[in-house]
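The structure appears below as structure tokens.
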Amino acid sequence: MDVIKLKSIAALLVGPVLLAFAEGPEANGPKTVNLTDATYTKLRDLVRPNATELAWQKISWRASVWDGIVEGQQSDKPILIWMLNGHPLACT
Amino acid sequence: MGRAPRFWTDETFTLISENFIAVSVSNYDQNRKDAVGEFVRSAGMQFPGAGGSRWYVTADGKILGRSPKESLEKWKKLPEVERARGAVKVGELGDIDALRTGPTPPAGGLIIKVYYRAFMRDGPGKLRYVVGKDLWHDEDGKKTEEKLESTYPGSITTPQAQPDHMWLTEAEWKSLIPASPRQGEKFPVPTGITDRVIRWHLNPLSVYGETTSLGPKAVRAGELTLTVDAVSATSVRLRLEGFAKLGKEPPEAVAQGTCACIDQWGYEPRLLGFIEYDIAKKVFTRFDVVAMGNHFGRLGIADSAARVGLQPLGISFELVTGNAPADRIPPGRTPTAKNYFK
């Protein structure tokens, strides 16, 4: 699949695209999305990240400040340190 | 900030990939009582918290700037003796502050990548991803993230699939495979695994930010069962099914879809999934599970937003190798995962 096609798919998924699903009522309760063998793959793929959301993986991240310092020193490059409560590699 | 598309453009990816050594760590690193903490503190880096931050520094701890472009320009202007290979002498790492570092995946265990995603109903039988106007900070939708999104496009990250990880020890994943599997055989998932899946990984607060496990009182009901779907000379396929009722039952106005709930939450997912085991290699080749159900309340800890009414929240689980650093972040994304197996 070429890059343009991938980007087009990503753009579609990021926006407020409508997705049709059968819903089933709980007994005497609210409607719920039917998770069945028939809907499984589509629902799973909607939950998982799309290409745009995974674009940060284009960067080769190191998970240790010390490794970054050593590598920066050895490779004549500055260091980017990206941090977040929790962890940026596992939080959005 | 986080992974907001506003910052993470193709230009930024290229700039960082080609010119920087990229490191990603938890904010807990700043208080480490070891060489890493000392480096962070002596450089003057301050890690502000949930919003995250990015620092561009030299190997001897000089802050270059607050954007990759500005920092690269400053880097190039540094005297050769300061930035040449080997110009900076890095000392020894020494003893690591184990209290402030996260645990590592269990030896011989499995790492399951988990993703959380909030959806919105958009008419009968229709789903879509959330946008700024869906993210309410009050009960009646007067304070939403719509203005933020329109003023700064690509600045909110709640609509994204939120990653986390589930770990199974070697003994745990082996306990999922019957000694003599027979097609149609049905049995409960071992209690310890069921409890951890429900309390750690069906926690809807994981949709935004770091989390820990839910307390036992947050679980009103829950059950996971496995059925032997197929057995051959080479493999066993299991079908996982289950449900959970977590948090509170929805207030009437929330159930009717007229308001958002700010001070309570509830989540009632059903689970379906498929696990495959290679008999000869004695390994799982597939661990593929989805949870989907109605949720109300905030989509994360602290001051995160809520959606109006009952809205779908989905969770996916899939097996990963653990070779990438991003796959080895502890469950809940913090050192608090030290209690994960307790």
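So which residues in region B:6-32 are surrounded by 17 or more Cβ atoms within 10 Å (Cβ to Cβ) and in a loop (DSSP other than H, G, I, E, B), if there are any at all?
Of everything in region B:6-32, those that are surrounded by 17 or more Cβ atoms within 10 Å (Cβ to Cβ) and in a loop (DSSP other than H, G, I, E, B) turn out to be B:W8, B:F20, B:R32.
Could you count how many residues in region B:99-130 are open to solvent by less than 30 Å² (accessible area, probe 1.4 Å) and free of Cβ contacts under 8 Å to residues at least 60 places away in the same chain?
3
Residues to consider are B:G273, B:G293, B:G322, B:G266; find the one that is open to solvent by less than 40 Å² (accessible area, probe 1.4 Å) and in contact (Cβ under 8 Å) with a residue 60 or more places away in the chain.
Numbers: B:G273 fails: in contact (Cβ under 8 Å) with a residue 60 or more places away in the chain; B:G293 fails: in contact (Cβ under 8 Å) with a residue 60 or more places away in the chain; B:G266 fails: in contact (Cβ under 8 Å) with a residue 60 or more places away in the chain.
From the options B:G273, B:G293, B:G322, B:G266, the qualifying one is B:G322.
Please go through (1) open to solvent by less than 30 Å² (accessible area, probe 1.4 Å); (2) out of contact with any helix residue (DSSP H, G or I) (no Cβ under 9 Å at 6 or more places or on another chain) for B:I193 and return the number of the only condition it doesn't satisfy.
(2)
Kindly provide the set of residues from region B:296-319 that are farther than 25 Å from B:E146 by Cα and open to solvent by 10 Å² or more (accessible area, probe 1.4 Å), ordered by number.
Residues satisfying the conditions are B:E318, B:L319.
Checking B:F187 against (1) open to solvent by 40 Å² or more (accessible area, probe 1.4 Å); (2) in contact (Cβ under 8 Å) with a residue 12 or more places away in the chain, which single condition isn't satisfied?
(1)
Residue-wise test of (1) within 7 Å of chain B (Cβ to nearest Cβ); (2) open to solvent by less than 30 Å² (accessible area, probe 1.4 Å); (3) touching a residue at least 40 places away in the same chain (Cβ under 8 Å); (4) not in a loop (DSSP other than H, G, I, E, B).
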{"position": "A:T39", "(1), (2), (3), (4)": "no, yes, no, yes"}
{"position": "A:N50", "(1), (2), (3), (4)": "no, yes, yes, no"}
{"position": "A:G72", "(1), (2), (3), (4)": "yes, yes, no, yes"}
{"position": "A:M83", "(1), (2), (3), (4)": "yes, yes, no, yes"}
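For every residue, the table says whether it meets (1) in a loop (DSSP other than H, G, I, E, B); (2) modelled with pLDDT of 90 or more; (3) charged (D, E, K, R).
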{"position": "B:L64", "(1), (2), (3)": "no, yes, no"}
{"position": "B:S71", "(1), (2), (3)": "no, yes, no"}
{"position": "B:A87", "(1), (2), (3)": "yes, no, no"}
{"position": "B:G108", "(1), (2), (3)": "yes, yes, no"}
{"position": "B:M120", "(1), (2), (3)": "no, yes, no"}
{"position": "B:K133", "(1), (2), (3)": "no, yes, yes"}
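Only one residue in B:T212, B:T158 is touching a residue at least 40 places away in the same chain (Cβ under 8 Å), touching a Gly at 6+ places or on another chain (Cβ under 6 Å) and either within 14 Å of another protein chain (Cβ to nearest Cβ) or surrounded by fewer than 18 Cβ atoms within 10 Å (Cβ to Cβ) (or both). Which one?
B:T212
Residues B:A35, B:A84, B:A59: which one is within 10 Å of chain A (Cβ to nearest Cβ), open to solvent by 20 Å² or more (accessible area, probe 1.4 Å) and touching a helix residue (DSSP H, G or I) at 6+ places or on another chain (Cβ under 8 Å)?
Going through B:A35, B:A84, B:A59 in turn, the sole match is B:A35.
The values are calculated or read from the model by the stated rules, or taken from the named source; none is laboratory data. Not measured: the values here are computed from a predicted model. Note: ideal-geometry Cβ built from the backbone for every residue, glycine included; neighbour counts use all protein chains shown. Side chains included, ligands, DNA and RNA excluded: accessible areas come from the protein's heavy atoms. Shrake-Rupley method; radii C 1.70, N 1.55, O 1.52, S 1.80 Å.
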